[in-house]
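What follows draws every value from the coordinates through simple rules; no lab data is involved. Nothing here was measured: the structure is a model prediction, and the numbers come from that model. In this analysis, Cβ positions are derived from the backbone assuming ideal geometry, glycine residues included, and neighbour counts consider all displayed protein chains.
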Amino acid sequence: MTTPASRTAAQERADEIHVFQRELARLETEGALLLSPEQRAAVDAHHAALIARFGADFDIDRDMGSKQLSAGMRVASLLGAMALSASVFFVFYQFWGSLTTPAQVAILAGAALGTFALTMWIHSRDSSGYFTNLAATVAFACFVLDLSMLGQIFNVRPTDAALLAWAAVAFVLAYGCDLRVMLMAGLACVFAFTCARLASWSGVHWVSFNERPENFFLPAAAAFFAPRFIDHTRRPAFPAVYRLFALLAAFLTTLILAHWGRGSYLPFDRETIESAYQWAAFVGGALVSWLGIRRGWRECVDVGVTFFVIFLYSKIFEWWWESMPKYLFFLVLGLTAVVILLVLRRLRRSVALSSAGVPS
Amino acid sequence: MTRIRRFTWIGLGVIAVANAIALSGAAWNRSGEPESTLALTDRELRIPDSNPDANRENTGLSVRLEWCAQPSRLRPTDDDLREVGVNCYERVPRWFDRERLAAFGFHLDLAPTATGAAEYYNRQLPRPAFVVLELAGPTYQSILDEHRALSATADSVAAAHPDSLSRRRAKTARERLAWFEGQASRLFAVDVGSDLGDLRARYPDRAMYAIVRGTVRPRIMFPENGIVLGEIRELEPAQIQVPKEFRVAFEGLLPRSSYVRQKGIGRAQNREFTIAFGKRLEPWIAGWRKNPD
């Protein structure tokens, strides 16, 4: 019996078992498949043992009711993490004026080290992951506060190197505790650091990196292809996070430049730049959706279709909002949505046929 | 070693190393002789409005350097002289010319009067620079002399033509002179450059001239005349933290918003603060005393 590498893998296996059991019952009812009582008992016993072991080792959701409760726990964990992190910041700001400099330094470093160690200890005992997620967010917030406040206390000139340190701790928490939120935090820090470095290498002050959104394309491309070079056997959910983050960064950048050509590096006039990015967005959205369908990357399809529709609607607004009567404008929008649905349905049919080996 | 233990040691190591680098960098900045040391009063150190009295959620105390620059107009008018030292918002000094801008690598080839020139210049992103701050030096003295001349002229006009307008103008000129002599900041930005050694060689007096880091960018001023000047956007760091042991020195000093300053509220408390700038040009408060003057 192979042990799943992570809670995600164990949950996927458990879900597949439940689906199999439901389908098996249907097949038996329809007379398509009949297992002997011994075979049925063996299969049921095997599945029961698996689910029991996964429940003990990974605290998975064993049924639909558990799944729904888990969704609530995830929300509670996220909100609790954000609230506790904010509390950490405000607590320090409330009292730091009455502390000497050595005391401030000791509390900041101690809090960062202590909360990190506590997170790893909780992770060793928390099979559900919700408490680990909460503790990891607080630990990350403490480390961000640590370096930020040291900079303020000693009047240090702002530096992008802090982003690298924050990214490193976020990645350690992500890969050490199987936390997608920490992975996103780490990617955000790496993106910001890369853009800041690109800006400073071009002679510009690094803080202004966000005034040239094109800086985000390079780290987005790197993040998209990174899963090809990193083994994620133990973390099967992570490659989707890399791709999702990369696509969001790339498409949001394109969206911004499609309406703010002034922020581009390109030496053309604003209208040309904005028009070029709008067309790039259409083509990019379609390409990403196609790629997602081919590779079975659901996040690519979701992001590609979403931004394709956003760009299409924004172009329609730009062309016709002023010149068309409002009823006609919204009619065009609605009909556009119908056309998109028809196209996607056709695409879905052709994908289903090709999966079944039938020429579409 | 288990995976959890390995990740724990890696994470703790990263946090410890990051803190060590930050603290050792700060220690190195403050080691040895400071790069410069200025004796500033609360005329040059401004408490931002967002401090303990205004914001109970943050008990930290910080101050900002209140620095000024000579107006960018080529021929100063009465209005410019009145503005200098009143709010010190001028950030495009007259001496920050094309030659200095070119040294930072800005693109200056498009004529300022050409179509699209404003966007061409304003699109360029700020670049890091070294800024020379002069304390109570020739720049402050020359502006003080101009204020005195202005006040003397206004008094003469009021004596010769004692109508209400002349008397009012003379009174205003006297008030502004008094304010500039006793309340206005004496700290002026007088030069910028990309080479610290070169600037220090030109301004060797480390008790009058502090060199700090900042950011600059080009701005089109007076497009009809085709003038491009440089703007000093901000200094780094923007604020100086006040350690607990020096907080007593700032008691009784009000946040110095422009309104407060213009109305002369919260007169300078005659305290002198020693601000040292270290090897990384990062400042700290090294001491304070009551100014016997």
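Tabulated results
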quantity: Theoretical FRET efficiency, 1/(1+(r/R0)^6), r = Cβ-Cβ of B:A238 and A:S128, R0 45 Å, to 0.05; calculated: 0.55
quantity: Label-point separation in nm, A:D269 to A:V19, each point 7 Å along Cα→Cβ; calculated: 5.5 nm
quantity: Potential lengthening between A:A240 and A:I310 on full extension [0.36 nm per residue; Cα-Cα distance subtracted]; calculated: 23.0 nm
quantity: Shielding by partners, peptide B:22-29 (average Cβ within 10 angstrom, other chains); calculated: 5
quantity: Proxy reagent accessibility, fewest Cβ within 10 Å first, across A:Y93, A:Y327; calculated: A:Y327, A:Y93
quantity: Estimated FRET transfer efficiency when R0 is 41 angstrom, pair B:T2-A:A188 (beta carbons, to 0.05); calculated: 0.90
quantity: Neighbour-count ranking [beta-carbon atoms within 10 angstrom, fewest first] of A:H205, B:H161; calculated: B:H161, A:H205
quantity: Point-to-point label distance, A:W201-A:L248, nm (Cα→Cβ direction, 7 Å offset); calculated: 2.6 nm
quantity: Gap separating the Cα centres of the range A:49-85 and the range A:90-112, nearest whole Å; calculated: 35 Å
quantity: Residue list for the range A:290-329, given a label point 7 angstrom along the Cα-to-Cβ vector of A:R349 and an amide N cut-off under 13 Å; calculated: none
quantity: Full-stretch length increase - A:D63, A:E38 - with 0.36 nm per residue and alpha-carbon distance subtracted; calculated: 6.5 nm
quantity: Value of [θ]222 nm, deg cm²/dmol, for the protein assembly as shown, DSSP H segments ≥ 4, -39500 (n - 2.57) each, nearest 500; calculated: -19500 deg cm²/dmol
quantity: Added length on full extension, which subtracts the Cα-Cα distance from 0.36 nm per residue, A:L341 to A:V283; calculated: 19.1 nm
quantity: Cα gyration tensor category, rounded, prolate or oblate, for the protein assembly as shown with a/c compared to 1.5; calculated: prolate
quantity: Separation of the B:N225 and A:Q94 label points, Cα + 7 Å toward Cβ, nm; calculated: 5.6 nm
quantity: At R0 = 35 Å, FRET efficiency that the Cβ-Cβ distance of A:A222 and A:S323 yields, to 0.05; calculated: 0.25
quantity: Cα centroid separation, the range B:113-159 to the range B:209-242 (Å); calculated: 12 Å
quantity: B:W288 long-range amide H proximity, modeled H, under 5 Å; calculated: B:T274
quantity: Cα gyration tensor shape for chain A, rounded if a/c is under 1.5, else prolate or oblate; calculated: oblate
quantity: Exposure proxy order (Cβ contacts within 10 Å, fewest to most) of A:V343, A:V138; calculated: A:V343, A:V138
quantity: For the range A:103-256, radius of gyration divided by Kirkwood radius, i.e. Rg to Rh on alpha-carbons; calculated: 1.00
quantity: Lys, Arg +1 and Asp, Glu -1 on Cβ, resulting dipole of the protein assembly as shown about Cα centre, debye, nearest 20; calculated: 420 debye
quantity: Amide hydrogen neighbours beyond the local backbone of B:L125, cut-off 5 Å, H modeled; calculated: none
